[in-house]
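Below is one structure; the comments refer to it alone.
The values are calculated or read from the model by the stated rules, or taken from the named source; none is laboratory data. Nothing here was measured: the structure is a model prediction, and the numbers come from that model. With ideal geometry, Cβ positions are generated from the backbone for all residues, glycine too; neighbour counts draw on all protein chains shown. Ligands, DNA and RNA are excluded from the accessible area calculation, which covers all protein heavy atoms including side chains. Shrake-Rupley method; radii C 1.70, N 1.55, O 1.52, S 1.80 Å.
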Amino acid sequence: MPSSLQKTRKHIAKKRNGEVNALHVKSRDSLRLHKAGVRDQRLEKLAAARGKREQPIVDRVAFFQECLAEMNNEPFDVESVKSQIQKFIHQYDEEYDSIKKARRPGRPASAREDLLKIKIAALEEEYQNGFVLPDFTSAESAKLLENWKGEWAYLMSLSWVKVSVAGQPRPSEFPSKGIS
């Protein structure tokens, strides 16, 4: 995808017969180039922030897609879904324990240890209130999850459910606000 800076540069070069390297600092063309460059930087920054916000959802779907592939893409029952959620929640336990054991007594926790502790606690709390995940309890929704190739747009076509510790899965909508 061409950036607005490249388009502006090409337009100015066309107007000046291929010369863009000799512009006055305060000229209209140099201001247009500067404005286009700032716009591109702003859009890159917004795209990076959006990607960072969307990554937990993508990671969650990828994890459950792998679980589905391990079971030969057969739909899960409710108890299997709950065990897979527990597996997802406690996937960081080994790393957390190894970091905790490596720390000398009396020393404060490292930033990574604190981050893992917060992440595990947030996942546990979400599971108590209702854990949002793609539905793979029916054959057609399992097939949709199996066909997912990592595209963000495809996630909206998946059916989503909320599963709590005690209850049955109940329909949910796509978590557009992100997942903790």
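Residues in the stretch 68-87: is at least one farther than 29 Å from Tyr154 by Cα and surrounded by fewer than 11 Cβ atoms within 10 Å (Cβ to Cβ)?
There is no residue in the stretch 68-87 that is farther than 29 Å from Tyr154 by Cα and surrounded by fewer than 11 Cβ atoms within 10 Å (Cβ to Cβ).
Scan the stretch 99-117 for residues that are of a type in the set (Asp, Glu) and open to solvent by 40 Å² or more (accessible area, probe 1.4 Å) and jot them down.
Residue satisfying the conditions is Asp114 alone.
For the stretch 82-96, does any single residue satisfy the condition of being small (Gly, Ala, Ser), without any contact (Cβ under 8 Å) to a residue 12 or more places away in the chain and out of contact with any helix residue (DSSP H, G or I) (no Cβ under 7 Å at 6 or more places or on another chain)?
yes
So that you can scan it fast, the table gives a plain yes or no per residue for (1) assigned to a loop (DSSP other than H, G, I, E, B); (2) touching a Gly at 6+ places or on another chain (Cβ under 6 Å); (3) loosely packed, with under 15 Cβ neighbours inside 10 Å:
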residue	(1), (2), (3)
Ile12	no, no, no
Leu23	yes, no, no
Arg53	no, yes, yes
Val58	no, no, no
Ala62	no, no, yes
Glu66	no, no, yes
His90	no, no, yes
Asp97	no, no, yes
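Counting only residues that are surrounded by fewer than 13 Cβ atoms within 10 Å (Cβ to Cβ) and among the acidic types (Asp, Glu), how many does the stretch 118-145 have?
Total satisfying the criteria: 2.
On the basis of being touching a residue at least 40 places away in the same chain (Cβ under 8 Å) and of a type in the set (Ser, Thr, Tyr), does Ser110 make the cut?
Considered against the rule, which asks whether it is touching a residue at least 40 places away in the same chain (Cβ under 8 Å) and of a type in the set (Ser, Thr, Tyr), Ser110 comes out as no.
Taking the conditions exactly as written (open to solvent by less than 50 Å² (accessible area, probe 1.4 Å) and in a helix (DSSP H, G or I)), does Leu33 satisfy them or not?
yes
With the condition kept exactly as written, say whether any residue in the stretch 150-162 is among the aromatic types (Phe, Trp, Tyr), part of a loop (DSSP other than H, G, I, E, B) and exposed (fewer than 13 other Cβ atoms within 10 Å of the Cβ).
Yes, the conditions are met somewhere in the stretch 150-162.
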